[in-house]
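Data block below; observations after.
Since every read-out is calculated from the coordinates, none of them should be taken as a lab result. Values in this document were obtained by computation on a predicted structure and should not be read as measured data. Glycine also receives a Cβ, built like all others from the backbone with ideal geometry; neighbour counts cover every protein chain displayed.
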Number of protein chains: 2
Amino acid sequence: MLTRIDHIGIACFDLDRTVDFYRATYGFEVFHTEVNEEQGVREAMLRINGTDDGGSSYIQLLEPVREDSAVAKWLAKNGEGVHHIAFGTADVDADAEAARERGVRVLYDEPRTGSMGSRITFLHPKDCHGVLTELVTAAGSSASSVPPASTDH
Amino acid sequence: MLTRIDHIGIACFDLDRTVDFYRATYGFEVFHTEVNEEQGVREAMLRINGTDDGGSSYIQLLEPVREDSAVAKWLAKNGEGVHHIAFGTADVDADAEAARERGVRVLYDEPRTGSMGSRITFLHPKDCHGVLTELVTAAGSSASSVPPASTDH
């Protein structure tokens, strides 16, 4: 079950300049940065607010680190702007499977690693009214990572 | 101060079909619908989660109701997809003025009426790294609507 807007992914040509814009204009600070080699991006997560499922909502700024990355191709075609949106779930596997059963193309056979150790997959924008849609389970919050209730005492 | 992702505005050709997609695929229900004659749109707000500033985050689905509306022109050029993002604030006037002072073009001289009686303005996408950015103060939550502390007792 999708329980929050996890982030809005925004593609940019120059991550440092874009981070500066968000800080100077809105006061948003960088919460986390990383390079995701698989996705071919350097990214900054700006935490905007907490959510009532115990998670957070972020702005994710993405700069491509190689020309053959999906984000680089998208930028070349569209220019800077919103690249994707992401909904948070405790069980990305179950929600990806549910989408697949409803006829929505899921881009990965199995979820891959996203920001901050999360597990992510994407739904095809042509099956989602033009919106590239990510499903994300934050690290440590997946259904399978919840420890069983102790019966030792 | 911007304290939440208030909504993601998504332009679509057929509001009812798009609402059906979000309900069937994700289980998101319609929280509110209205026609905004000034903006030239019919819209549905899908509430996704609560936020730790006391507000909510929504998906806003937008269908144009006249061909000369900004959303109709945007759809003709871009097809369906993310039209804008919106940050929530208790004081849209102050945040719009702050953006203006930093050289960001604000599209309205004064905030106008948005979804559910909110007060909104937009920042020019060319000044925001390609992202049409809305600032929104929810009805009843503006700084000026907070009653003064009583000194009667």
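With the cut-off at under 16 Å, measuring from each backbone N in the range A:24-58 to a point 7 Å along the Cα-to-Cβ line of B:Met1 picks out A:24-30, A:47-50. Between the helical axis of B:15-26 and the longest alpha-carbon principal axis of chain B there is an angle of about 80 degrees.
Bridgeable aspartates and glutamates around A:Lys77 (alpha carbons under 15 Å apart, same-chain partners fewer than 8 residues away excluded): A:Glu63, A:Glu67, A:Asp68. Spin-label model, A:Thr113/A:Arg17: points 7 Å from Cα along the beta carbon direction are separated by 3.1 nm. A point 7 Å from Cα along Cα→Cβ stands in for A:Asp14, and the other copies hold the same point at 4.5 nm, listed in rising order. The angle between the Cα long axis of helix B:92-101 and the longest principal axis of the Cα atoms of chain B comes to about 90 degrees, rounded to the nearest 10. Only loop residues by DSSP count here, and only those with at most 16 other Cβ atoms within 10 Å; note down the trypsin sites (Lys or Arg not before Pro) in the range A:32-111 that meet that. Here the trypsin sites (Lys or Arg not before Pro) that fit, given the DSSP loop and packing criteria, are A:Arg66, A:Arg102, A:Arg105. In nanometres and ascending order, the distances from the A:Glu110 label point to those of the other copies are 6.0 (point 7 Å from Cα along Cα→Cβ). Quick one: grab the alpha carbon gyration tensor of the range A:81-139, order the square roots of its eigenvalues as a ≥ b ≥ c, and give me rounded if a/c is under 1.5, else prolate or oblate depending on whether a/b is larger than b/c. Since a/c reaches 1.5 but b/c is at least a/b, the shape of the range A:81-139 is classed as oblate.
Summing Cβ point charges (Lys, Arg +1; Asp, Glu -1) relative to the Cα centre of the range B:1-149 gives a dipole of roughly 300 debye. Projecting the Cα atoms of B:Ile59, B:Leu75, B:Ile48 onto the charge dipole of the range B:2-144, computed from C-beta unit charges around the Cα centre, puts B:Leu75 farthest toward the positive end.
Find how many whole Å separate the alpha carbon centroid of the range B:68-130 from the alpha carbon centroid of the range A:63-114. The distance from the Cα centre of the range A:63-114 to that of the range B:68-130 comes to 26 Å. For chain A, the square roots of the Cα gyration tensor eigenvalues, ordered a ≥ b ≥ c, give a/c of at least 1.5 with a/b no greater than b/c, which places it in the oblate category.
From helices alone, chain B scores -6000 deg cm²/dmol at 222 nm; the rule is -39500 (n - 2.57) for each run of n ≥ 4 DSSP H residues, then divide by the residue total.
Determine the sum of side-chain charges near A:Thr121: Lys and Arg each +1, Asp and Glu each -1, restricted to other residues whose C-beta is under 12 angstrom from that of A:Thr121. Kindly include the intermediate steps, with their values, before the conclusion.
On the way: positive: A:Arg100, A:Arg105, A:Arg112, A:Arg119; negative: A:Asp91, A:Asp93, A:Asp95, A:Glu97, A:Asp109, A:Glu110, A:Glu134.
Charge balance near A:Thr121 sits at -3.
Report relative contact order for the range B:2-144 in percent, whole number only (criteria: Cα-Cα under 8 Å, sequence separation at least 6).
The normalised contact order for the range B:2-144 reaches 25 percent.
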